[in-house]
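In what follows, a single structure is set out as structure tokens and then discussed.
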């Protein structure tokens, strides 16, 4: 599979990776418009238990649609799902207990209050759940609908466990001293505990995934772990020519960054029972917003300060990695190519690369690439099925509409972020 990845023809859950250099929307349009299904498809309709249940552990608002109607939440995606985010964070902190306290400390390092980071991925997944399977008025919520939401929340938790595990492992591989404006786990506790902490999180994520008892969803998230490893190996073992290839870099970026959000979004849709078209368009949204996120990261590595980033600026160059701005700049300044091939290893290479990127359109083209992928992500949102059918009330439609608006807003924030 790794060989096929490097040849650029990996089948990813039925979808062959396609070049996105010229038209990132092509693959999406070829699949045709998504749709079909009604919100709540595959959800048991019996037993309206809304007000009788204690939702505190799950953070499910008592009146989601009414609370979402304020102007503040319309423009703040994180506020719209704040209660669910808090519940997810609380369960994550409780999920990493271990008989070996140092192991629990390493695994929970980035789940501590104030150290959770942007919470971008769980926010996207919780909003996707509301867009696809809105709960509606409390008195009309069925136990089946609430169970679907709980399972979708589990995907948000599993995704964060996989993501943090990858951070722990990446920091060891990169010998990183800092993460999220704090000492990295490997710096604070040593490489061995950082690696074991990441392994422990992957094990806990695997148990949580198995408990969902959905083979398709298990395969989706297991594939993500395979992709993370494949992407890292692609980065470590790339030939000199492949280090200079923008297409190769984009494939590697999908595996290392975008696959997690793409397949987690697909899993949320699959658990909602809305059919393959909804799952494919949820996947497309996650894939393209994930790629946009990374290309903005590439841009910020050249333009933001270390204090803002929470890690050293210019870190990729120091690691010998040519990201999108450098690869675009190399199309204008061919003298960059030998620097890329030798991983900026000679004295003055990194400084010269910085200078040439600044004299090129590399940063502007990277930002445009991010914007192109963000536009495709928004188009995928438009293809998601809308709540319809007899009995679908205004609260349900409002919740779904606000969640979609919030996903558009979070996509815009990805492009405009400064850290």
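The values are calculated or read from the model by the stated rules, or taken from the named source; none is laboratory data. Computed from a predicted structure; not experimentally measured. Quick reminder, even Gly has a Cβ in these numbers, built from the backbone with ideal geometry, and neighbours come from all protein chains shown.
Values for this structure:
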quantity: Near pairs, Cβ below 8 angstrom, 6+ apart or cross-chain, from the range 110-128 (more than 27 Å from residue 279 (Cα to Cα) and assigned by TED's automatic domain parsing to the domain that holds residue 163) to any residue that is part of a loop (DSSP other than H, G, I, E, B) and modelled with pLDDT under 75; calculated: 110/116; 110/117; 110/180; 115/180; 117/180
quantity: Residue ranges of helices (runs of 4 or more DSSP H) in the range 175-278 with at least 2 members in the same structural domain as residue 376 (by TED's automatic domain parsing) and in contact with a helix residue (DSSP H, G or I) (Cβ under 6 Å, 6 or more places away or on another chain); calculated: 215-237, 240-243, 246-253, 259-272
quantity: Filter result for residue 127 (surrounded by 18 or more Cβ atoms within 10 Å (Cβ to Cβ), in a helix (DSSP H, G or I) and modelled with pLDDT under 95); calculated: no
